[in-house]
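I have placed the structure first, in the form of C-alpha cells, so that the comments after it can refer back to it.
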C-alpha cells in the first residue's frame, strides 16, 4: 500500500495535549505505594521522559510553550483537561485554541454527574475522559457505576474518551478490556465513545467493534506514529477513514517534535489525512468544520 505525505499542515485538532509541569506526573490513585515513588507512573514505556517536567514558576509560561508548539506544528485546537488547575484560565484566555475536558470517576455517583453539568456550564467542556483501571477502586468500562456518566454525556452531547487496553501504569488491565465496549455501545447507541491509548493487545477486536458500532471511534493517544498498531492503519485506509482520530501525548511522554517528524512515514492514503488530523475530531467534538 502506497503511503502519502500530503497531510494537512494547519487546522489540526490534537485530542490529548497539556501543559508541562510536575503536577502532570502525579501517580494515579490506584497505584501501589512502591510504584508511587516512581518519577513517572508509566515512564518505563518511553525512552525520553525528561527528568524534570516543570516549566517554571509562572504558570503562563507553560501555556505559552504549548501554544507556540501548536503554532509550529499547525495545531488549531488542543483538548486539555480540567485536572490541570491552569486549564480554566487557558480556556478563558485562548477560547479559539483550547477546548476543555473533564476526567471523571464513576465511584462518585451523582456527585460526578453534577460536576459534569457544572463543568459544561462554567467551562464549556466538549468531552469527558475516563481511566477505568486508574480510578480507586477500578471500574470496568461496562460497569453500571459508569452508566449515570454515560447517560448525562448523551444528554449533553459530550463524547467520552475512554482508556482501553493494557494500561501504562502498573494497575489491573481487565477493567479496560476492549470487549466491554460492546455492551456500552448496545446500551447507549447515541453515546460517542473514543478509545484512547491503543487498545492493545485487543486492537483486532477494536477494529471489529469500530465496524459494528457507528458512534465508536479510536484515537492514537500515547503512541508515536511508527508504533500505531497495523490493524488500525489498515482499517483507516479502508472502511475506517471516518473513525480514527489523531491525538498526541505532549507533555505526558511524547514531544510534538517527535510525533510530527514521524507522521510523514505513516502509510495513510491521501483521503484519510484530513479526516484523521482534523475532520473526525471536529465532528465528534462539535467544532467548526
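The values are calculated or read from the model by the stated rules, or taken from the named source; none is laboratory data. Treat the numbers as computed from the prediction; the structure is a model and nothing was measured. Cβ sites come from the backbone with ideal geometry, for glycine too, and all protein chains shown count toward neighbours.
Scanning for something surrounded by fewer than 23 Cβ atoms within 10 Å (Cβ to Cβ) and either free of Cβ contacts under 8 Å to residues at least 60 places away in the same chain or under 30 Å from residue 65 (Cβ atoms) (or both), does region 192-199 turn up at least one residue?
Step one: of region 192-199, the residues surrounded by fewer than 23 Cβ atoms within 10 Å (Cβ to Cβ) are 192.
Among the residues that remain, those that are also either free of Cβ contacts under 8 Å to residues at least 60 places away in the same chain or under 30 Å from residue 65 (Cβ atoms) (or both) are: none.
Taking every residue of region 192-199 in turn, none turns out to be surrounded by fewer than 23 Cβ atoms within 10 Å (Cβ to Cβ) and either free of Cβ contacts under 8 Å to residues at least 60 places away in the same chain or under 30 Å from residue 65 (Cβ atoms) (or both).
May I ask you to verify whether residue 259 is in contact with a helix residue (DSSP H, G or I) (Cβ under 7 Å, 6 or more places away or on another chain), closer than 30 Å to residue 156 by Cα, buried (at least 19 other Cβ atoms within 10 Å of the Cβ) and modelled with pLDDT of 95 or more? So residue 259 does not fit the description; no.
Residue 69 meets all of the listed conditions (1) in a strand (DSSP E or B); (2) crowded, with 19+ Cβ neighbours inside 10 Å but one, namely (1). The set of residues in region 198-244 that are under 14 Å from residue 182 (Cα atoms), in a loop (DSSP other than H, G, I, E, B) and within 15 Å of the chain's Cα centre (by Cα) contains only 199.
Which one of 108, 126 is closer than 26 Å to residue 14 by Cβ and at pLDDT 95 or above?
Working: 108 fails: closer than 26 Å to residue 14 by Cβ.
Criteria check complete, one pass: 126.
Among all residues of region 104-125, there is none that is closer than 19 Å to residue 220 by Cα and under 19 Å from the mean Cα position of the chain (by Cα). Scanning region 245-275 for residues that are assigned to a helix (DSSP H, G or I), in contact (Cβ under 8 Å) with a residue 60 or more places away in the chain and closer than 22 Å to residue 193 by Cα yields a count of 2.
Residue check: residue 265 meets all listed conditions (1) at pLDDT 95 or above; (2) surrounded by fewer than 19 Cβ atoms within 10 Å (Cβ to Cβ) but one, namely (1). With respect to the stated conditions, residue 154 fails to be under 18 Å from the mean Cα position of the chain (by Cα), closer than 30 Å to residue 228 by Cα and at pLDDT 95 or above.
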